[in-house]
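Scroll down for the structure; my scribbles are underneath it.
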Amino acid sequence: MELSKKKMRIGHFSKNSIAFVCIVVSVCCLFVVFISMLRLPEVPVGSRSVGLYQTATMGRVSENEKFIGRFGGMMIEMLPEDLAFTVFVPSQKAFERDLRLQVNDSLVGEKMNDTYAIVSRVMGFSAVPRTLSSVMVPVGGEVSYDSISGFPLYVTKDIDGMLVVNRIRSERVDLRKGEIVLHVMDGVIMDAEFEQSVQPDNSEE
């Protein structure tokens, strides 16, 4: 009789111990989750990866994106980042001035397809399947390469380090996205036929 009472006490104590341990573990888990939530880092809205549109001297990402603009970004997205390309990207201002493309108008509805066709055509004139940084062009000298569409590009460098391609001067040089080298141009590189097709109709004047 005495032995059975001892067993009952031991069993009751064991059940109470297990219940107590479960409660303690549950409370600790809730405490850890609560503390973790309080210490989560705040991610800034619109943050971008560090490698996107960097200059060779680690310039500000937002500043570089401002020069490249939406249409330039569309051009770059057409190319694989892991292959060597050099792109002479028209600035946002050049797209608006020379091709009459407007972000608020040219990227909506049915105009999106036409805009994409224009931008892809410009990329064909402006992209070279090799790395060409500004330091590879001698001051006063000239190098020439064919673009991916076979359009000849003649590249020189001014004394201030800016590149000039087919008489169009750069605004920024040596930006990078992956393996792609980007030079932002104050104009659009294109052949005479395409240039004529995008010119405004002045027949009324």
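Given the structure, is Ile180 open to solvent by less than 20 Å² (accessible area, probe 1.4 Å), under 23 Å from Gly69 (Cβ atoms) and under 21 Å from the mean Cα position of the chain (by Cα)? If you could, list the steps in order and put the result at the bottom.
On the way: open to solvent by less than 20 Å² (accessible area, probe 1.4 Å): yes; under 23 Å from Gly69 (Cβ atoms): yes; under 21 Å from the mean Cα position of the chain (by Cα): yes.
In short, yes.
Report the residue count in region 168-190 for those that are touching an Asp or Glu at 6+ places or on another chain (Cβ under 7 Å) and not in a strand (DSSP E or B).
Number of matching residues: 5.
Limited to region 122-137, what total is found for residues that are out of contact with any helix residue (DSSP H, G or I) (no Cβ under 6 Å at 6 or more places or on another chain) and assigned to a helix (DSSP H, G or I)?
Going residue by residue through region 122-137, those that are out of contact with any helix residue (DSSP H, G or I) (no Cβ under 6 Å at 6 or more places or on another chain) are 122, 124-137.
Okay, now just the ones that are also assigned to a helix (DSSP H, G or I), so 122, 124-126, 134-136.
Matching residues across region 122-137 total 7.
Conditions (1) of a type in the set (Val, Ile, Thr); (2) at pLDDT below 85; (3) not in a helix (DSSP H, G or I), marked per residue:
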{"residue": "Ser47", "(1), (2), (3)": "no, yes, yes"}
{"residue": "Ile76", "(1), (2), (3)": "yes, no, no"}
{"residue": "Leu83", "(1), (2), (3)": "no, no, yes"}
{"residue": "Arg97", "(1), (2), (3)": "no, no, no"}
{"residue": "Asn104", "(1), (2), (3)": "no, yes, no"}
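Can you tell me which residues in region 152-169 are hydrophobic (A, V, I, L, M, F, W, C) and open to solvent by 40 Å² or more (accessible area, probe 1.4 Å)?
Of everything in region 152-169, just one residue is hydrophobic (A, V, I, L, M, F, W, C) and open to solvent by 40 Å² or more (accessible area, probe 1.4 Å), namely Ile159.
Residue pairs, Cβ under 6 Å, 6 or more apart or interchain, first in region 132-161 and over 18 Å from Val122 (Cα atoms) and without any contact (Cβ under 8 Å) to a residue 24 or more places away in the chain, second open to solvent by less than 30 Å² (accessible area, probe 1.4 Å) and assigned to a loop (DSSP other than H, G, I, E, B). List them.
So the pair list comes out as Val143/Val137; Lys157/Val137.
Considering only residues that are under 16 Å from Ala117 (Cβ atoms) and of a type in the set (D, E, K, R), look in region 185-199 and name the one that is least open to solvent (accessible area, probe 1.4 Å). I'd like the intermediate steps shown before the answer.
Step one: of region 185-199, the residues under 16 Å from Ala117 (Cβ atoms) are 188, 190-191, 193-195, 197-198.
With of a type in the set (D, E, K, R) added as a condition, the list becomes 191, 193, 195.
On the way: Asp191: 35, Glu193: 136, Glu195: 83 Å².
Ranking the candidates gives Asp191 first.
Which condition from (1) open to solvent by less than 50 Å² (accessible area, probe 1.4 Å); (2) within 24 Å of Lys93 (Cα to Cα); (3) aliphatic (A, V, I, L, M) is the one that Val143 breaks?
(2)
The values are calculated or read from the model by the stated rules, or taken from the named source; none is laboratory data. Computed from a predicted structure; not experimentally measured. Using ideal geometry, Cβ is built from the backbone for each residue, glycine included, and neighbour counts are taken over all protein chains shown. Quick note on the areas: whole protein, heavy atoms, side chains included, nothing else; ligands and nucleic acids left out. Shrake-Rupley method; radii C 1.70, N 1.55, O 1.52, S 1.80 Å.
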